[in-house]
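The values are calculated or read from the model by the stated rules, or taken from the named source; none is laboratory data. Everything numeric here is computed off the predicted structure, so don't read it as measured data. Here the Cβ positions follow ideal geometry from the backbone for every residue, glycine too, while neighbour counts run over all protein chains shown. What goes into the accessible areas is simple: the full protein's heavy atoms, side chains included, and nothing from ligands, DNA or RNA. Shrake-Rupley method; radii C 1.70, N 1.55, O 1.52, S 1.80 Å.
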Amino acid sequence: KTEIIALDVNSIDMGKLGYCAEVIKSGGLVAFPTETVYGLGANALDGNAVSGIFEAKGRPGDNPLIVHVACKDSVNSLVAGIPYKASLMMDKLWPGPLTIIMEKSGIVPDAVTAGLNTVGVRMPAHPVALALIREAGVPVAAPSANTSGLPSPTIARHVIEDLQGKVHVIIDAGSAQVGLESTVVDMTSVPPAVLRPGGITLLQLEGLVGPVSIEPSDADGAKKDSVPKAPGMKYTHYSPRAKVIVVEGEVKHVAFKIKELAGEYKGRGIKAGILATRQTIDMYPFENVISMGDRDNPETIAARLFKVLREMDSMGVQVIISEAIDSAGIGLAVMNRMNKAAGYNIIRV
Ligand code: TXA
Ligand code: MG
């Protein structure tokens with residue numbers, strides 16, 4: 001029932017793309033690639049179509065969706081007004097992995113915003129996403145195209161695993177380059193508040209608009225009692241089926257501790273997997289060891305994190321022991337997702 005449509009990023013077949021745009025226009029659900037992760041899109045101005053997204057994902061209705069646009073001008077009709085700093089961000093950081101929250105206008109259905117008086121908008125930097133939105137001629141509401149709670153999809157196969165039979169079209173156009181979701185910044189508060197770290201770093205934001213705030217718990221994903229400002233951040237997230245443990249500290253000590261834990265699991269007959277890095281992978285004389293990427297180039301780890309979590313599941317491991325990485329730059333978003341995947345099960349050495 002679900003159509004899988006392959007598109008070449010470098011030379012998009014406009015016939016096939018036009019068909020996908022028609023599906024969006026007529027109220028259907030289309031999973032499509034963005035530079036961050038795959039999204040599950042519907043016409044953002046059609047409340048019924050948007051409800052279908054929640055159903056397909058099994059997503060709680062109180063978790064608002066991001067509205068995707070293909071050009072800055074399309075934002076005007078979606079919001080009550082554009083604060084100066086928000087327009088600066090749009091000029092310098094769009095298209096890109098940045099979602100900007102502003103006061104919403106009357107045309108945005110409640111289903112999109114979960115009844116909030118604000119709306120998050122983003123212009124993605126992926127040729128297929130941009131062409132799809134442009135051809136559909138409507139803003140496109142889209143959460144990550146995973147079953148609610150599972151790691152976000154970075155390749156079409158992940159989307160097929162989760163949403164086959166539940167959506168009308170899945171576009172396959174290769175892998176999402178960034179690998180982690182957009183940074184969500186709330187421009188209705190002063191200073192701007194980062195509600196979810198992501199593909200755009202705090203330094204990039206501050207270089208542009210001055211100080212921004214971030215709750216320590218929003219930064220590292222740690223649990224706290226108060227109500228999260230991005231409703232989505234309160235739910236269990238990014239969790240593979242396996243239990244995840246994060247080991248944090250100086251790299252040498254981390255590797256030593258992980259070896260000790262893996263040895264213990266092995267002794268107890270429990271199938272454990274290790275998420276290592278290029279720098280440490282040779283230190284583990286065990287099966288089921290995968291490198292997430294290069295510590296000196298955390299973008300490589302961001303790009304692979306969700307993929308390796310899913311890989312561990314398909315290998316059938318019961319416990320995933322993961323090295324923490326430095327939380328500078330995009331490392332902040334990596335650790336936010338990793339700690340959430342672990343349910344804050346973090347060992348400090
Ligand atoms: O990179 C991304 O952002 C991907 C791609 C597909 O664009 N989308 C994505 O959407 O990650 P989703 O729904 O998985 O995550 C959206 C996050 C949630 O934590 C949600 O609560 C928050 O943004 N959010 C959306 N609208 C909001 C609003 N008006 N106020 C506060 N938080 C909002
Ligand atoms: Mg999501």
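For this structure, a couple of remarks:
- Selected residue (criterion: nearest to ligand 1 (Cβ to nearest atom)) from residues of segment 148-160 that are touching a residue at least 60 places away in the same chain (Cβ under 8 Å) and open to solvent by 10 Å² or more (accessible area, probe 1.4 Å): 148
Here's the yes/no breakdown for (1) over 17 Å from the mean Cα position of the chain (by Cα); (2) open to solvent by less than 10 Å² (accessible area, probe 1.4 Å); (3) among the β-branched types (Val, Ile, Thr):
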site: 33; (1), (2), (3): no, yes, no
site: 38; (1), (2), (3): no, yes, no
site: 42; (1), (2), (3): yes, yes, no
site: 47; (1), (2), (3): yes, no, no
site: 50; (1), (2), (3): yes, yes, yes
site: 53; (1), (2), (3): no, yes, yes
site: 61; (1), (2), (3): yes, no, no
site: 74; (1), (2), (3): yes, no, no
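- Contacts under 6 angstrom Cβ, first residue in segment 260-275 being at pLDDT 95 or above, partner open to solvent by less than 30 Å² (accessible area, probe 1.4 Å) and not aliphatic (A, V, I, L, M), 6 or more apart: 272/265; 274/284; 275/322
- Residues that are open to solvent by less than 10 Å² (accessible area, probe 1.4 Å), part of a helix (DSSP H, G or I) and free of Cβ contacts under 8 Å to residues at least 60 places away in the same chain within segment 290-342 comprise 301, 308, 331, listed in sequence order.
- With respect to the conditions (1) within 9 Å of ligand 1 (Cβ to nearest atom); (2) surrounded by fewer than 24 Cβ atoms within 10 Å (Cβ to Cβ); (3) aliphatic (A, V, I, L, M), residue 163 falls short on a single one, namely (1).
- Residue list for segment 121-154, filter: of a type in the set (Val, Ile, Thr), part of a loop (DSSP other than H, G, I, E, B) and more than 16 Å from ligand 2 (Cβ to nearest atom): 138
- Identity of the residue in segment 242-254, closer than 27 Å to residue 150 by Cα and among the aliphatic types (A, V, I, L, M), that ends up farthest from the chain's Cα centre (by Cα): 254
- Odd one out for residue 208, checked against (1) surrounded by fewer than 24 Cβ atoms within 10 Å (Cβ to Cβ); (2) part of a loop (DSSP other than H, G, I, E, B); (3) away from ligand 1 (no atom under 11 Å from the Cβ): (2)
- Cβ pairs under 7 Å, 6+ apart, first in segment 181-192 and assigned to a loop (DSSP other than H, G, I, E, B) and modelled with pLDDT of 95 or more, second within 16 Å of ligand 2 (Cβ to nearest atom) and polar (S, T, N, Q): 181/36; 181/144; 181/152; 182/36; 182/99
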